[in-house]
Amino acid sequence: MSSEQPAVSQLQAARDVVKGLPEARPMTREEYEAQYSRLEANAADAKKAYIRAKSLYDGICDDLRNLRVDWNEQEAARKQ
């Protein structure tokens with residue numbers, strides 16, 4: 001049995017599941033607007049979270065840089 005066999009079996013099982021799904025129907029204008037509104041709100045929340053995380057990350061990077069600079073200055077002074 002090759003190492004690819006489990007992956008092939010999983011792919012076939014996934015295909016069988018997809019075949020069993022009902023046919024997709026066109027969405028209504030109301031469904032479109034509701035989904036668009038939810039996605040828009042999710043995108044706005046994700047952007048706010050990204051900005052907060054980026055700010056935190058930038059602050060940590062600044063702290064790391066300052067720590068390295070302070071350490072290097074301390075070591076240079078000690079060697080003199």
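The values are calculated or read from the model by the stated rules, or taken from the named source; none is laboratory data. Predicted model only: the values in this text are computed from it and were never measured. Because the Cβ atoms are built from the backbone with ideal geometry, glycine has one as well, and the counts that use them run over all protein chains shown. Just so you know, the surface numbers come from the protein's heavy atoms only, side chains and all, with ligands and any DNA or RNA stripped out. Shrake-Rupley method; radii C 1.70, N 1.55, O 1.52, S 1.80 Å.
Taking the solvent-accessible surface of protein heavy atoms with a 1.4 Å probe, what is the per residue accessible area of the chain in Å²?
Working: 7690 Å² over 80 residues.
Result: 96 Å² of accessible area for each residue.
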query = Of the labelled options (1) 78, 51, 8; (2) 48, 25, 19; (3) 113, 11, 8, which one gives Cα extents along the principal axes in Å as computed for this structure?
reply = (1)
key: Inter-label distance for ALA7 and ILE51, nm, one decimal - labels placed 7 Å from Cα along Cα-to-Cβ   = 4.2 nm
ask   = At a Förster radius of 41 Å, what calculated FRET efficiency corresponds to the Cβ-Cβ distance of ARG65 and GLU31, to the nearest 0.05?
value = 0.25
ask   = Hey, if you put +1 on the Cβ of every Lys and Arg and -1 on every Asp and Glu Cβ in the chain, which of VAL18, LEU64, ALA49 ends up farthest toward the positive end of that dipole?
value = LEU64
In Hz, Karplus ³J(HN,Hα) per residue of segment 67-77 (6.51, -1.76, 1.60; θ = phi - 60°; x = Gly, Pro) = 4, 4, 4, 4, 4, 4, 5, 5, 5, 5, 5
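What's the magnitude of the charge dipole for the chain around its Cα centre, counting Lys and Arg as +1 and Asp and Glu as -1 at the beta-carbon? Answer in Debye, nearest 20.
Numbers: 13 positive and 14 negative charges, 22 e Å.
Result for the chain is approximately 100 debye, rounded to the nearest 20.
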task = Tally up the carbon and sulfur contribution to the accessible surface of the chain as a whole percent, 1.4 Å probe, everything protein left in place.
result = 58 percent
